[in-house]
Amino acid sequence: MTETVLSVDDLHVRDPRSGTELVCGVSFDLPAGGALGIVGESGSGKTLTCRTALGILPAPLEVTAGRVTLLGRDTAVLTEREWRELRGRGIGAVFQDPGAFLNPSLRIGSQVAEVLRVGKRLGRRAARAEAVALLDAVHLRDPERVYRQYPHELSGGMLQRVVIAAAIALDPQILIADEATTALDVTVQAEILDLLADLRERIGLALVVVSHDLAVVAQLCEEVVVLRDGEVVERGATAAVLHEPRHPYTRLLVDEHNRYGLDRYLVPDFDDAELEHAG
Amino acid sequence: MPAEPPVLQVADLEVRYGRTTALARAALTVARGETVGVIGETGSGKSTLARAVVGLVAPAAGTVTIAGEEVTAFSRRQWRAFRRRGIAQYVFQDPLRSLDPHLPVGTSVAEPLLLQGRSRPDANAAVRTYLERVHLSPDLADRYPAELSGGQRQRVAVARALVTDPQVVVLDEPVSALDAANRVRVLEVLTELREAGTSLVFISHDLGSVAGVSDRVAVLHRGAVVETAPTRSIVNAPQHPYTRLLVGSAPTLATGAVDRETRAELRRQLLTVG
């Protein structure tokens, strides 16, 4: 049996100010090297579940029940120091806005090298060499040049690659991608999705892909959980859930996707004779 | 009998910012009652196109004709008069740009009518009608923009654009700042408008949103319209290498994006076609 790298078991998260339960009994298991999608609308608890798994639940929200096991360790009993060890080394994350994670006044290279200097205790030169290798690994053309550039000199897609490079710098086993391609152009999104699939294949990185876009999850993940108002309404193999949804809410999401997505227009055997190009 | 003139015609439009050409030979025709999508990525010139149609940037060459009037030949004064008539209206990505934060949203919606000299009771009645048209409760008229959700604000902006009964509405990334549920609400409103015969130009980087609402799609790449075709043709049989790259990059529930070798080959072709 494959080892489980991340296990969320009956997680409950509450906002003590209002007394509302924001995550109510979410469970899932992520096997080593696996890819799990989490879909649902805003407020469904996707991001809070991920933040709990990263140990960065914003105050004053609190875990009131359940258990998150990360690489075999119960995260409830981790000290802040142990969390810092696990974050980066065990689990990394990329979010929608890569710019927010980079210091605009520091060169790209020094920010990636810093992660390595602190996390792997590398010396200046070794950190530089490894940072360039990482920028290369995320398929940035001319990594030496990118190393010397500032964040404002890079496009959104390039910045997201840099953030992914920093997130995998300490060889984590799990990467959480929370709406990581939402703000990108579609041709750039295709490159980043390839990169994630590539990292999974090459270094066995397990992925948690949080997205409002069902098609992104369909491309990357073999398992999916559907969240609504903090509860799992449906789970299973991605193909089965998205093509034959059982829960009315999943059906609604799929239906909305089909109405305002390309699928609506895709004809399996489109006849070129139908073409009426208007030039 | 001659065919009815288009509500919007953009011909050979060129816009330069200093030495950069943002828009080159852009052409677009919107017939009455038609919804035309304009799809383009960062740097394609799509916002420049929207701004040129609105008269916010002056083109270096080419013409924009709205409902038979060549607006690119307008003086500032003529532009002001033209705007007051509300023949063409605009909705931007951020509704806060068209809604004054200090005014109840009902006042913002009524404003274009009051500027035309319509009476306040008349304008107020129209506000209720158009808020209902975008599926908002008329009671929201007394609220301030900050009290509404992003999706509600965008629907208010659409109501404001509709209140003068325009011949064409240009929407620049109207759903890009919204979450999935609000995006669908706004797209539903646009679909209803299209079915009711309002002419729309829907500019976006999101192929799915554009395809879901538009009769035809124009593809903008590096400042030029490289392909225009009915939505079904664009999605199923894109012709230009860039359109093929764009459509091929978008995953669907049925298939993932085309593989990277195919995309690299399309990029190579793009270098030769331009």
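Is it fair to say B:T243 is at pLDDT below 90 and either under 18 Å from A:G261 (Cα atoms) or facing chain A (nearest Cβ under 9 Å) (or both)? It is false that B:T243 is at pLDDT below 90 and either under 18 Å from A:G261 (Cα atoms) or facing chain A (nearest Cβ under 9 Å) (or both). You will find that of A:A165, A:A131, the residue that is buried (at least 22 other Cβ atoms within 10 Å of the Cβ), in contact with a Phe, Trp or Tyr (Cβ under 9 Å, 6 or more places away or on another chain) and not acidic (D, E) is A:A131 and no other. Taking region A:1-28 as the range and being of a type in the set (G, A, S) and not in a strand (DSSP E or B) as the test, the residues that pass are A:S18, A:G19.
Residue by residue, here is whether (1) in contact (Cβ under 8 Å) with a residue 24 or more places away in the chain; (2) within 24 Å of A:G230 (Cα to Cα); (3) not assigned by TED's automatic domain parsing to the domain that holds A:G19 holds:
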{"site": "A:T49", "(1), (2), (3)": "yes, yes, no"}
{"site": "A:T52", "(1), (2), (3)": "yes, yes, no"}
{"site": "A:A59", "(1), (2), (3)": "no, yes, no"}
{"site": "A:T64", "(1), (2), (3)": "yes, yes, no"}
{"site": "A:T69", "(1), (2), (3)": "yes, yes, no"}
{"site": "A:N103", "(1), (2), (3)": "yes, no, yes"}
{"site": "A:K120", "(1), (2), (3)": "yes, no, yes"}
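Checking each residue in region A:31-79 for being β-branched (V, I, T) and part of a helix (DSSP H, G or I) picks out A:T47, A:T49, A:T52, A:T75, A:V77. Listed by first and then second residue, the pairs linking a residue in region A:187-201 that is more than 18 Å from B:T252 (Cβ to Cβ) and more than 7 Å from chain B (Cβ to nearest Cβ) to a residue that is part of a helix (DSSP H, G or I) and acidic (D, E), with Cβ atoms under 9 Å apart and 6 or more places separating them unless they lie on different chains, form an empty list. Just one of (1) surrounded by fewer than 23 Cβ atoms within 10 Å (Cβ to Cβ); (2) within 10 Å of chain B (Cβ to nearest Cβ) fails for A:V217. It is (1). All of B:R133, B:R194, B:R185, B:R128 fail the test of being farther than 23 Å from B:R85 by Cα, surrounded by fewer than 22 Cβ atoms within 10 Å (Cβ to Cβ), of a type in the set (D, E, K, R) and in contact (Cβ under 8 Å) with a residue 12 or more places away in the chain, apart from B:R185. Need the failing condition index for A:A131 against (1) assigned by TED's automatic domain parsing to the domain that holds A:V226; (2) touching a Gly at 6+ places or on another chain (Cβ under 6 Å), just the number. Answer for A:A131: the failing condition is (1).
Looking at region B:163-274, the helices (runs of 4 or more DSSP H) lying wholly inside it that each contain 3 or more residues that are in contact with a strand residue (DSSP E or B) (Cβ under 8 Å, 6 or more places away or on another chain) sit at B:180-195, B:207-213, B:241-249.
Inspect region B:74-97 for any residue being among the small types (G, A, S) and closer than 30 Å to A:L154 by Cα and give the result as yes or no.
Within region B:74-97, not a single residue is among the small types (G, A, S) and closer than 30 Å to A:L154 by Cα.
The selection criterion, being surrounded by 22 or more Cβ atoms within 10 Å (Cβ to Cβ) and more than 30 Å from A:D229 (Cα to Cα), holds for B:V163. If the condition is being on the phi < 0 side of the Ramachandran plot, surrounded by fewer than 20 Cβ atoms within 10 Å (Cβ to Cβ) and either touching a Pro at 6+ places or on another chain (Cβ under 9 Å) or not in a helix (DSSP H, G or I) (or both), then region B:94-125 contributes B:D94, B:L96, B:D100, B:P101, B:H102, B:L103, B:P104, B:Q116, B:R118, B:S119. You will find that of A:E231, A:E244, the residue that is exposed (fewer than 15 other Cβ atoms within 10 Å of the Cβ), assigned by TED's automatic domain parsing to the domain that holds A:S44 and modelled with pLDDT of 90 or more is A:E244 and no other.
For the criterion of being closer than 21 Å to A:D213 by Cβ and not assigned by TED's automatic domain parsing to the domain that holds B:L8, B:L113 fails.
Looking for something under 16 Å from B:Q269 (Cα atoms) and more than 11 Å from chain A (Cβ to nearest Cβ) - is there at least one such residue anywhere in region B:230-240? Looking for residues that are under 16 Å from B:Q269 (Cα atoms) and more than 11 Å from chain A (Cβ to nearest Cβ), one finds none in region B:230-240, hence no. Within region B:49-68, if we keep just the residues that are modelled with pLDDT under 95 and within 15 Å of B:Q89 (Cβ to Cβ), the residue that is nearest to the chain's Cα centre (by Cα) turns out to be B:A50. Listed conditions (1) surrounded by fewer than 22 Cβ atoms within 10 Å (Cβ to Cβ); (2) modelled with pLDDT under 90; (3) within 27 Å of B:E188 (Cβ to Cβ) are all met by A:L262, apart from (1). Selection of region B:69-86 for residues being within 14 Å of B:Q9 (Cα to Cα) and either outside any helix (DSSP H, G or I) or at pLDDT below 90 (or both) yields B:E69, B:E70.
Of everything in region B:202-223 that is out of contact with any Gly (no Cβ under 8 Å at 6 or more places or on another chain) and more than 7 Å from every other protein chain (Cβ to nearest Cβ), the residue that is surrounded by the fewest Cβ atoms within 10 Å (Cβ to Cβ) is B:D215. The residues in region A:97-108 that are crowded, with 18+ Cβ neighbours inside 10 Å and at pLDDT below 95 can be counted, and the count is 2.
Figure legend. Inter-residue proximity from region B:165-181: first residues at positive phi, second residues not aliphatic (A, V, I, L, M), beta-carbon distance below 6 Å, spacing 6+ or different chains. Indicated pairs: B:E173/B:Q93; B:E173/B:S204. The number of residues in region B:79-95 being closer than 16 Å to B:V175 by Cα and either basic (K, R) or touching a Lys or Arg at 6+ places or on another chain (Cβ under 7 Å) (or both) comes to 1.
The values are calculated or read from the model by the stated rules, or taken from the named source; none is laboratory data. All values derive from a computational prediction rather than experimental measurement. Neighbour counts are summed over all protein chains in view; Cβ atoms, including those assigned to glycine, are modelled from backbone coordinates with ideal geometry.
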